[in-house]
Each structure stands twice: as structure tokens, then as C-alpha cells.
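Inspection log for the structure reproduced underneath, given as C-alpha cells.
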Amino acid sequence: MRTHVFRLLVLLGAGFAAALVAKWYFTAESFYEFGHYRGRSVAEIAAHEPVYKTSAYCQACHGERHAQWSAANHKTVACEVCHGPAQKHPQEGKLPIPADTRRLCTLCHEHMAERPRTQPQIDLAQHGAGQQCAACHNPHAPKLAGVVPALSGDLAAGKKRHAESCAGCHGAEGISPNDTWPNLAGQNATYLVRILGAYRSGAQTDVMMSPVAQALSEAEIQNLAAYYAGLSCKSAVCAKAPGDGAAGKVLAKNCAACHGETGIGSNPAWPDIAAQKAVYLANTLKAFRAGLRKDPMMAGVVRGLSDADIANLAAYYAAQSCGKKS
């Protein structure tokens, strides 16, 4: 055999022998015990503390938000998708609250041709005027109140029912004589149907309104809504509210997406609050803050407001013109 061939065979044999020794030396003892991996890795992986705790872990401390989330259309989106893994929470600090919700939400909701049509989608250039999504949507229950599809009220019948049951608190023409009760004249009919329906069903509770609404039929609710919506919202000049209207105007920028710049919004399913009673507005905001009135969106909006902030907002909206209602 030629010398160079012999040397090549020796090198190949030495390399093969070295590979066998390396395989024996570096292969874990439990390799291939249960398959093509280390058998001991099963126990090692099982011993790791989970990085993600699932949304059930959040329920003990965040029961109200968990209830909102689990009953709404975001229940398929786990808490940790937005807030990050809860492995070391709360022992080592709070989880982050996303600040740029516009960027976060559009990961799923930006309009794309390839997305299924059943997925709610928005065109960023035409939606929200650049505001953060959380300005209008509660992230835990993001679906906004829908518009009642049809209004079929009878004004004359509504006027008669008003005189029988409602005029004592809300005034002969829908302008309340008591600062703690709201004016209803000129209010959105759609909103009135929605809120009276909520009082009637028990979805919303009030010591005075719940019994009244529970005595109403669906037709009577529609009639009352039509009657109040048709009244003029103009009322006598109210006494100056205790808050600072100028400071309230600054705070009201956070409310404009739903209630308009001056308290008259574009969605008829939400109430107009321009020229509303300041005391009533302040009491209502405090009730939302305390959880006495239930609304996922409003609960998030008022959570950080002080009593002074609430008084200022109430003063600002009470001083605005309610505008002409038709």
C-alpha cells in the first residue's frame, strides 16, 4: 500500500476513534432514557418556577378588574400579555402598566387585509385623532356601549308617564329643582333607553331609580326617552359651582373623546353632560370612583381623580351651554 494512502487511513481511523471517545465523554448519562433528550431534564424543567402565572393568579388582588376582564370580550387575552410575566410579582415590585396603548392595541387591531373580518380593526390614520386607546376604551372591557338599534317612543305617552312618575324629581319640563338630581331635558334618547334599561334589569343600581325603572315596561322606557329628548335643555342660570372651571377645562381634555370638548359627545349611547347640575355631576363621579356605580370605562377614568379634581370638572361642565336639541 502506498504511504500516502496508509497515512490517510490512519488519520481517518484516529478521527473516528476520537469522535467515539468524545461522544462517550460528552453524552449525558440519561440521554435517550425517554427519547432523544436527557431523561433528567424532565425533572429539571418541572422544578423551574413558572415565569407566567396565568390570569387566575391576578384574581386575589385584582378581583374587580378580573371580573370586568373575565366577563368581557378581552377574556381571551391573558393579563400577562399586556403586563408582562408575573413570576416575581408582587414580591419584587409592580407589573408595568402599558403607557403607549395605541402601539400595544394595534398589534391585534390595526387594519390588515390578511386579518379575518371578525377581528375588530381600525385605520390608524382615521381613528381616534391620535389619542391613546385607553382614552375611550377600558383595556379590561374594551367594547364600548353600543347604540340602541331602534327608537320607537311616543312623545305624548312619554309626557303622560313623566307627569305620573318622574316630574317630582326631574321637574315639569325635565329640569330638576334639586341639585342632586339630573336634568333630563334634551338628553340623548339612546342613552336614556340604555340607562333606564340597566336600572330595570339590575345591571345598574340606585336606591331611587331602580324601583322606578323596574315598574316601567320597555315601551314606557322608549316613550320617556323620546319625551325628554324632545324637550329644550335650556334652564335658568345656576348658582356658581364651588369648583374651579378653568382647572376643570384642563382636566376635561381627558374626557373629550367620549363627552366632547364641552360635554356634548358624538355617540348618542353616552350622556351629554353640558349644563348638567354640578352637584349631581360631582356625586356621580364620586360614586363611580367608589364603585357604587358600575361602569368599566368610568371606573378607570375617575380612579385617579381627587375630590378637588371632581369639583373642578363638575364646575366646568355645569357652566357650558347644552346647545340646541332637536
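Bear in mind that the values in this text are calculations on the coordinates, not laboratory data. Just so you know, these numbers come straight off a predicted model, no measurement behind them. Here the Cβ positions follow ideal geometry from the backbone for every residue, glycine too, while neighbour counts run over all protein chains shown.
Rounded, prolate or oblate, given the Cα gyration tensor of the chain, with a/c below 1.5 counting as rounded?
Values: a/c = 3.18, a/b = 3.15, b/c = 1.01.
Prolate, because a/c is 1.5 or more and a/b exceeds b/c.
Can you list residues whose amide H is under 5 Å from Glu110's amide H, if they're 5+ apart or on another chain and H is modeled 1.01 Å from N?
For Glu110, the qualifying residues are Ile122.
Which of the residue pairs Lys253/Lys286; Lys253/Lys294; Lys75/Lys277; Lys160/Lys294; Lys159/Lys234; Lys53/Lys94 have a Cα-Cα distance greater than 26 Å in the structure shown? Walk me through the intermediate numbers first.
Numbers: Lys253/Lys286 19 Å; Lys253/Lys294 23 Å; Lys75/Lys277 37 Å; Lys160/Lys294 31 Å; Lys159/Lys234 18 Å; Lys53/Lys94 14 Å.
Result: Lys75/Lys277; Lys160/Lys294 exceed 26 Å.
Classify segment 33-119: rounded, prolate or oblate, from the alpha-carbon gyration tensor (a ≥ b ≥ c, eigenvalue square roots; a/c under 1.5 rounded; otherwise prolate if a/b is larger than b/c)? Mind dumping the intermediate values first?
Working: a/c = 2.31, a/b = 1.43, b/c = 1.62.
Taking the square roots of the gyration eigenvalues as a ≥ b ≥ c, segment 33-119 is oblate.
Among 75-81, 132-138, 183-189, 29-35, what's the highest-first ranking by average C-beta atoms within 10 angstrom per residue?
Details: 75-81: 15.4, 132-138: 19.1, 183-189: 23.4, 29-35: 11.7.
So the peptides 75-81, 132-138, 183-189, 29-35, ranked by packing, come out 183-189, 132-138, 75-81, 29-35.
Measuring from centroid to centroid over Cα atoms, what is the spacing of segment 66-90 and segment 280-326 in Å?
Here the answer is 27 Å between Cα centres.
Over all Cα pairs of segment 245-318, how is the pair count split among 5 Å bins, expressed in % and running from 0 up to the last occupied bin?
4, 18, 28, 31, 17, 2
Based on the mean of other Cβ atoms within 10 Å per residue, sort peptides 3-15, 100-112 so the most packed one is first.
Values: 3-15: 9.5, 100-112: 14.8.
Output ranking for 3-15, 100-112: 100-112, 3-15.
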